[in-house]
Protein chains: 2
Amino acid sequence: MHLIDVQTGLLADNDAIAAENRAMLATRGIYALNVMSAPGAGKTSLLERLLPLLATRWRVAVIEGDIVGSADAERLAKLGLPVEQINTGGACHLDARMVHHGVHDVVHGPSDVLVFENVGNLVCPAEFDLGEDDAVMLLSVTEGHDKPKKYPLMFRRAGLLVLNKMDLLAMTDFDVEVAVAAARDVHPGIAVIRTSCRTGEGIAEVAAWVERRIAAKRGRPAPPSPKAG
Amino acid sequence: MHLIDVQTGLLADNDAIAAENRAMLATRGIYALNVMSAPGAGKTSLLERLLPLLATRWRVAVIEGDIVGSADAERLAKLGLPVEQINTGGACHLDARMVHHGVHDVVHGPSDVLVFENVGNLVCPAEFDLGEDDAVMLLSVTEGHDKPKKYPLMFRRAGLLVLNKMDLLAMTDFDVEVAVAAARDVHPGIAVIRTSCRTGEGIAEVAAWVERRIAAKRGRPAPPSPKAG
């Protein structure tokens, strides 16, 4: 009971800061995307493929969350985008407070799109709103089609489910139909796109989904942004 | 600072209960193993292969941790072993309090070996001692060889690293030597065994590792236990 009270307080505190983050981003019309998955599902690999497509139209910034180290931030910085690394220490997720300063910097910079790459974890990241517009989750087919039943909150939170590592599908007993049915059982409206970050399959579809979401947020058909530089 | 104080208090509380669990198990000479990994790395599949080998000599019981549901417990119950399911609700790990009643039941039953299958997560399970003798972690080769650098505490906690899904190795860019070197960088003494739960590769080696650990705990060369029934 004590633990639950602490947890409830932390989440209420988080939601208040997330609301501040969201309001700051709204003042500049910046679209924010929270990318989540289990460790090793391919978040950074997806972003290496996806962000160059988005960057043809939008100025993209990244806030990168990891327990320790900066390996993923270094990979994404090679794309020529601004990347801020957050080390969460013991914490198994990003929270609204951790990203607050980064959001502030992005709001006062030249960006149109902000991507949070969350800590690899299917549980806690789903509980902590960062102030994003949309959440995307990756499920790699090597993880098994039982995951929506085992980690339902994550699938409920995400607007888009990316089924990644499709190039390995034939080597696994992953059943795409079972996985999609299970995901839609917990979240009927979830969009699903199949990708392979090795072959490039589906990446353009993910970019198109994000473009539609940006257009919906801005209330008009995805206009080109005046890119800096 | 507030958050850190709460966390420190919770962990101290956990360690006290874990010590009770460990003392209870010691009164009966029961060996306990805590099995951890990211979601979908193959914990249940490994146990489906491993526990029948251990069960030829020992009476094995399982405490199964999941956020929701009982799919994994049902898989393991088919082995004819006693399995207790714990649903952690929002919590992304087992803790010593959650398993305390289950440990009590096992201590008052006929078991020689107790296996905890933890929640799929590379972060928090490593922080919560359950009272086990040894921790094993699975890393599937589809997750990437960068994981020891990104989740060091888990690799530091585990006495054995199981590199699973070796049947998929050729389809990935996973470098076994890089992964093992990175794991030994954070934990020089960690044992490493390569497995495939599809082909059966390495499972006998894992069983032999567990047998050696049981023998070490009991202070004599792994004697057969009088099996019930």
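Where a number appears in this text, it was derived from the coordinates with a stated rule and is not lab data. Model, not experiment: these values are computed from the prediction. Here Cβ is always computed from backbone atoms with ideal geometry, including for glycine, and neighbour counts include all displayed protein chains.
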Of the DSSP H helices in chain B, the ones reaching 20 Å or more along their long axis in Cα terms and averaging at least -0.5 in Kyte-Doolittle hydropathy are B:2-27, B:203-218
Residues B:Thr44, B:Thr142, A:Thr88 in order from fewest to most other beta-carbon atoms within 10 Å are A:Thr88, B:Thr44, B:Thr142
FRET efficiency (B:Asp175, B:Glu205; Cβ distance; R0 22 Å; to 0.05) is 0.60
Treating only Lys and Arg (+1) and Asp and Glu (-1) as charged, each at its beta carbon, one finds that segment B:1-98 has a dipole about its Cα centre, in Debye to the nearest 20, of 560 debye
Sorting from shortest, the nanometre distances separating the label point of A:Asp105 (7 Å past Cα along the line to Cβ) from those of the same residue in the other copies are 5.0
Note, segment A:121-134: 3J(HN,Hα) by Karplus (6.51, -1.76, 1.60, θ = phi - 60°), whole Hz, Gly/Pro = x, goes 4, 8, 10, 5, x, 5, 8, 10, 4, 9, x, 6, 7, 9
In terms of the alpha carbon gyration tensor, root eigenvalues a ≥ b ≥ c, rounded if a/c is under 1.5 and otherwise prolate when a/b exceeds b/c or oblate, segment A:73-229 is prolate
Looking along the axis that carries chain A onto chain B, the residue of A whose Cβ comes nearest, with distance in whole Å, is A:Thr142, 2
Over all pairs of different Cα atoms in segment B:42-157, the reciprocal of the mean inverse distance gives a Kirkwood radius in Å of 14.9 Å
Between B:Phe116 and residues 5 or more places away or on another chain, the pairs with built amide H atoms under 5 Å apart involve B:Leu33, B:Asn34, B:Val35, B:Ile63
Computed over chain B, the relative contact order (Cα-Cα under 8 Å, seq sep at least six) in percent reads 25 percent
Any aspartates and glutamates whose Cα falls less than 14 Å from that of A:Lys217, other than same-chain ones fewer than 8 residues away, would be A:Asp112, A:Glu132, A:Asp133, A:Asp134
Note on the protein assembly as shown: alpha-carbon gyration tensor, axes a ≥ b ≥ c; rule is a/c under 1.5 for rounded, else prolate if a/b larger than b/c, else oblate; result prolate
In debye to the nearest 20, the charge dipole size for chain B, taken about the Cα centre with +1 at each Lys and Arg Cβ and -1 at each Asp and Glu Cβ, equals 780 debye
Taking the alpha-carbon centre of each part, the distance from segment B:41-65 to segment A:49-126 in Å is 39 Å
Farthest towards the positive end of the dipole of segment B:97-229, among B:Val123, B:His104, B:Val136 and with Cβ unit charges of +1 on Lys and Arg and -1 on Asp and Glu, lies the Cα of B:His104
Between B:Thr27 and A:Thr8, the FRET efficiency computed from the C-beta separation at R0 = 41 Å comes out, to the nearest 0.05, as 0.60
Among B:Leu81, A:Val206, B:Phe174, the residue whose Cα sits farthest towards the positive end of the charge dipole of the protein assembly as shown, when +1 is placed on the Cβ of each Lys and Arg and -1 on the Cβ of each Asp and Glu, is B:Phe174
One finds, for A:Val192 and A:Arg156 with R0 = 22 angstrom and r their Cβ-Cβ distance, a FRET efficiency to the nearest 0.05 of 0.95
Distances in nm between the label point of A:Arg184 (7 Å along Cα→Cβ) and its equivalents in the other copies, shortest first, are 5.0
Distances in nm between the label point of A:Ser70 (7 Å along Cα→Cβ) and its equivalents in the other copies, shortest first, are 5.0
